[in-house]
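Take a look at the structure set out below.
The values are calculated or read from the model by the stated rules, or taken from the named source; none is laboratory data. Values in this document were obtained by computation on a predicted structure and should not be read as measured data. Cβ placement follows ideal geometry from the backbone for every residue including glycine, while neighbour counts extend to all protein chains displayed.
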Number of protein chains: 2
Amino acid sequence: MTQATENADTAGPFGPRDAHDAFHVFDTTLRDGAQREGINLTVADKLTIARHLDEFGVGFIEGGWPGANPRDTEFFARAAEEITFKNAQLVAFGATRRAGAKAADDPQVNALLASGAPVITLVAKSHDRHVELALRTTLDENLAMIADTVAYLREQGRRVFVDCEHFFDGYRANPAYAKSVVRTAHEAGADVVILCDTNGGMLPAQVQAVVSTVLADTGARLGIHAQDDTGCAVANTLAAVDAGATHVQCTANGYGERVGNANLFPVVAALELKYGKRVLPEGSLKEMTRISHAIAEVVNLTPSTHQPYVGVSAFAHKAGLHASAIKVDPDLYQHIDPELVGNTMRMLVSDMAGRASVELKGKELGVDLGGDRALVGRVVERVKERELKGYTYEAADASFELLLREEVEGRARRYFRVESWRAIVEDLPDGTHANEATVKLWAKGERIVTTGEGNGPVNALDNALRRGLERIYPQLAKLELVDYKVRILEGRHGTESTTRVLISTSDGQGEWATVGVADNVIAASWQALEDAYTYGLLRAGVEPTE
Amino acid sequence: MTQATENADTAGPFGPRDAHDAFHVFDTTLRDGAQREGINLTVADKLTIARHLDEFGVGFIEGGWPGANPRDTEFFARAAEEITFKNAQLVAFGATRRAGAKAADDPQVNALLASGAPVITLVAKSHDRHVELALRTTLDENLAMIADTVAYLREQGRRVFVDCEHFFDGYRANPAYAKSVVRTAHEAGADVVILCDTNGGMLPAQVQAVVSTVLADTGARLGIHAQDDTGCAVANTLAAVDAGATHVQCTANGYGERVGNANLFPVVAALELKYGKRVLPEGSLKEMTRISHAIAEVVNLTPSTHQPYVGVSAFAHKAGLHASAIKVDPDLYQHIDPELVGNTMRMLVSDMAGRASVELKGKELGVDLGGDRALVGRVVERVKERELKGYTYEAADASFELLLREEVEGRARRYFRVESWRAIVEDLPDGTHANEATVKLWAKGERIVTTGEGNGPVNALDNALRRGLERIYPQLAKLELVDYKVRILEGRHGTESTTRVLISTSDGQGEWATVGVADNVIAASWQALEDAYTYGLLRAGVEPTE
């Protein structure tokens, strides 16, 4: 064993050898995940995501294609300097040597070595028609390209994995050739040969059958790389594991080209919680929800609310019918304890919800309803009555808490009292719009009249309200409206419908949602704004004054 | 066979008996799908979705729980009057009789009959602990409740399906009891017994094993109802089919409680395209993308861009590496031809509208594009450019036709020319609102200045515009705005986002939809209103004047 080979097996600049080499959790968010439409990562983004993934405990992080992409080259250079990996090894992705050349003379291959990554994934064609059409070489030369490149990189002391692109389609078209690709890679020294469902068209039963056969016929260590075009990427990954694959390639939140890749989070959760297989370091799974959301923030996509295990709705219960039974034994109504993946059960307050869900919700918000049946009954009545008018509290925790506190404390929290407001939208002859709002209110005994402008009437009202109150409540300066949703209720009444507005507000530390309902969008927005500011001041610990 | 039984088997008020009874595509969007956090359907929404699902060709549409929910009761009454189903039968969902009572005396059971639905799905507990904890009765009484209720509904001439709630968890806890529930339902006359993974914790291999065993041990016709908590609902549904289930319960776009239900679209696509099983009427699958997006619009959720088969990204390829190979043989790079599901391959990021779909759309609207490549190209360009700004023409046929005609005819249809407008919303000290709008416009050479009031600023603008134009165009008198939807685009920018408004207008004979996009909701509404009136006059055969 050369010194370089030892480097790949022990601690090196990219971190310790994966402690659980018997089973590989291989993440390709930074390479294949970045193919998702709408994702565009800077080097800094990639470094941040790599830190999150390492903290989460994946064994391998595929960082990109050094040499092919200057950003990826820079990523490998900076990762070597800036990150001390605790769990992961960094992997460089690249192609086999060009047809008719020597691997040692191929600049693309040498750029992979130059990245310093201890592990290299080579992509190889395994579908005969792709060899001819995209590589434009012979089937034999393709095998030679694989054998030579794997052998050369092994000689240079790197661990090598081989991705067999379009494997499942290739296997259907020409099973003998597809298998010869696996055998060639294996015999040349690839540690793992990954069968890729590149077009994503497979179903679990097919994957299981193919992986079983290839494993039996080649003896290679196999991995699986599944795309989600049939909506079965997670199941396909698990089917491959059932058939004997010991290496799974996934991306955080399932990001990837077209529909996406196998989602790392439900795959590792299934392996740990359903298979009882330890594939992450002790305690990692509890960080899953946080890591998922953190990575979504870095790539600048809203975290999917309905993602398995980690979505904010993943353990949300709506039906009031079951609320009393849930109180007795929550595990009858959830497939796992949400705390195992760092998520929490939520009871949604809705018109279907009864007393039990209001009590549970109170507990969740830290408001003690102390088994006071009359009080709980009053809250339930008010929620029902308001929901009949179009309010929804399942998506407006802050408005619900204000309502709850009003019943518990006997009076509403008030920091200001509004006398009146007015919003004007004007379409000018030159095609532009003028938006102006005036607010008249009282706070701490003072009458305040302010005017605000904005790019819309709600923005103008927000600016007027903020300007009016900021001097008295400087805490409001850091509040920011981060989301705004409008829903027209009773949709078949044209513009005479009731309008519901949901506003999300942030103070930099947390976010809360408020609701307003009125016969027009401006008035509904105003209500939600009032609640948003009131709740913001409550959160900041300010005493009510009105 | 009683007369009522015959009704269930032949054409009735709810439509013809499913032509493909050997395999059931059963949709529960309106019942279980509506449990999704953030979905709140009006009766009108439910009727619209039912029409879409029937057009798509599902065999059964579960409409809700009549009697338990006044909105659902109204839905069944109105569906009977307003919809003539082409493919689907309507299904009422409800519970077995109460413990210790007679089915015939149970008002909940009789409400199911009163709905008039020819098919009834009864939910039954099949997990022993749920019987004790949630139903609070004995295991034997639960079986009697199932047997009695099924038998009673059969006597009344209804077809009965039984949903075994928590079946898979129940089977793990007490397989003998779980199977006795299936056997009881089957022997009492239930046509299909559905095994439900209510908590969604199963994986495909488990589902397949349990369905196989239960099928062998009970001889009942089995169905599957899978929740997506492990991210495997589609695969679990297919695993059940592999094991012999012949009835799949799904929801459009996978809407449902927590993470959601098995998504109807990838399930039927897999059955039709991967299994070669005909489960929808001829030609339906090609409507899948359109139906998926239309239902998303009704429930007011952004269609998922990354949904398998129907997402706008589902067949999007980053141009470059494989571009030339894709041109030679696109099927090497996609698992199915996207046209099979009404979707399109995209090589570039932005556009939804390809030339083919514009031509097709033109044909659909009766506007001859006559194979004029330059003209089609100009339309595609304009659509692209407008869609980049946030317009959507999928849900706004009338605005698209106006755009198309403008390109074909070389100028826009204009019946009036707006100089300016202004809307004022005032919150008065007594808590009421005043909404007033002034519109200045030119029509047939005349300058018109009118003012309107309304219950909101858009309604006030509508009234002002109508009053101003009605004398000149009396055809406008019969126009009515029947639907109004607001969507905030780029959701994370608070009230400074772009706003899209969709308006549906009726003239008593037909309905058309128009779109407006602007930096504020009033200006966006105004655009959609202008298009709505213009299109109404075009429909009425009025010659443009401006």
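Side notes on the structure shown:
- Residue ID - modelled with the lowest pLDDT, chosen from residues in the range B:320-330 that are facing another protein chain (nearest Cβ under 9 Å) and in a helix (DSSP H, G or I): B:324
- Some residue of the range B:182-198 being part of a loop (DSSP other than H, G, I, E, B), of a type in the set (A, V, I, L, M, F, W, C), surrounded by 24 or more Cβ atoms within 10 Å (Cβ to Cβ) and in contact (Cβ under 8 Å) with a residue 12 or more places away in the chain: yes
- Lone qualifier among A:317, A:293, A:306 - being under 24 Å from residue A:233 (Cβ atoms), at the interface with chain B (Cβ under 8 Å from one of its Cβ atoms) and at pLDDT 75 or above: A:306
- Screening the candidates A:481, A:529, A:465, A:461 for the property of being more than 10 Å from chain B (Cβ to nearest Cβ), more than 17 Å from residue B:485 (Cβ to Cβ) and aliphatic (A, V, I, L, M) yields one hit, A:465.
- Among the residues of the range A:458-481, the ones that are part of a strand (DSSP E or B) and in contact with a Lys or Arg (Cβ under 6 Å, 6 or more places away or on another chain) come to 0 in all.
- Set side by side, the residues A:220, A:205, A:240 differ, and just one is assigned to a helix (DSSP H, G or I), assigned by TED's automatic domain parsing to the domain that holds residue A:149, surrounded by fewer than 24 Cβ atoms within 10 Å (Cβ to Cβ) and not hydroxyl-bearing (Ser, Thr, Tyr), which is A:205.
- Selection within the range A:414-442 - touching a residue at least 24 places away in the same chain (Cβ under 8 Å) and among the basic types (Lys, Arg): A:414, A:417
- Among the residues examined, residue B:464 does not qualify as small (Gly, Ala, Ser), loosely packed, with under 15 Cβ neighbours inside 10 Å and closer than 28 Å to residue B:508 by Cα.
Table: residues versus (1) closer than 26 Å to residue A:288 by Cβ; (2) surrounded by fewer than 19 Cβ atoms within 10 Å (Cβ to Cβ); (3) at pLDDT 75 or above.
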residue	(1), (2), (3)
A:341	yes, no, yes
A:344	yes, yes, yes
A:373	no, yes, yes
A:389	no, yes, yes
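- Restricted to the range B:58-176, the set of strands (runs of 3 or more DSSP E) holding at least 3 residues that are under 24 Å from residue A:330 (Cβ atoms) and not basic (Lys, Arg) comprises B:159-165.
- Residues satisfying the stated conditions in the range B:264-277, i.e. more than 10 Å from chain A (Cβ to nearest Cβ) and either assigned to a helix (DSSP H, G or I) or touching a residue at least 12 places away in the same chain (Cβ under 8 Å) (or both): B:264, B:268, B:271, B:272, B:277
- Residue within the range A:165-175 that is modelled with pLDDT of 95 or more and basic (Lys, Arg) present: yes
- If you go through the range B:398-457 and pick out every residue that is within 14 Å of chain A (Cβ to nearest Cβ), under 34 Å from the mean Cα position of the chain (by Cα) and part of a loop (DSSP other than H, G, I, E, B), you end up with 3.
- Of the candidates A:135, A:143, the single residue that is closer than 21 Å to residue A:107 by Cα, modelled with pLDDT under 95 and more than 32 Å from the chain's Cα centre (by Cα) is A:135.
- Residues in the range A:246-290 that are of a type in the set (Ser, Thr, Tyr), within 18 Å of residue A:232 (Cβ to Cβ) and under 12 Å from the mean Cα position of the chain (by Cα): 2 in all.
- Residue count for the range B:464-477, restricted to those that are touching a residue at least 12 places away in the same chain (Cβ under 8 Å) and touching a helix residue (DSSP H, G or I) at 6+ places or on another chain (Cβ under 9 Å): 6
- Residues in the range A:33-54 that are in contact with a Gly (Cβ under 9 Å, 6 or more places away or on another chain), more than 10 Å from residue A:299 (Cα to Cα) and either free of Cβ contacts under 8 Å to residues at least 40 places away in the same chain or outside any helix (DSSP H, G or I) (or both): 2 in all.
- Yes/no for residue A:226 being more than 10 Å from chain B (Cβ to nearest Cβ), in a strand (DSSP E or B) and either closer than 29 Å to residue B:345 by Cβ or basic (Lys, Arg) (or both): yes
- If the condition is being within 38 Å of the chain's Cα centre (by Cα) and part of a helix (DSSP H, G or I), then the range A:370-389 contributes A:376, A:379, A:380, A:381, A:382, A:383, A:384, A:385, A:386, A:387, A:388, A:389.
- With respect to (1) more than 8 Å from every other protein chain (Cβ to nearest Cβ); (2) not in a helix (DSSP H, G or I), the lone exception for residue A:257 is condition (1).
- So residue B:280, is it in a loop (DSSP other than H, G, I, E, B) and closer than 17 Å to residue B:61 by Cα: yes
- Residue check for residue B:111: at pLDDT 95 or above and in the same structural domain as residue B:202 (by TED's automatic domain parsing): yes
- Scanning the range B:177-207 for residues that are over 25 Å from residue A:330 (Cβ atoms) and hydroxyl-bearing (Ser, Thr, Tyr) gives B:180, B:184.
- If you go through the range A:96-131 and keep only what is within 14 Å of chain B (Cβ to nearest Cβ) and either surrounded by fewer than 23 Cβ atoms within 10 Å (Cβ to Cβ) or in contact with a Gly (Cβ under 7 Å, 6 or more places away or on another chain) (or both), you end up with A:108, A:123, A:126, A:127, A:128, A:129, A:130.
- Residue selected from the range B:526-542 under the condition assigned to a helix (DSSP H, G or I) and aliphatic (A, V, I, L, M), by the criterion farthest from residue B:423 (Cα to Cα): B:538
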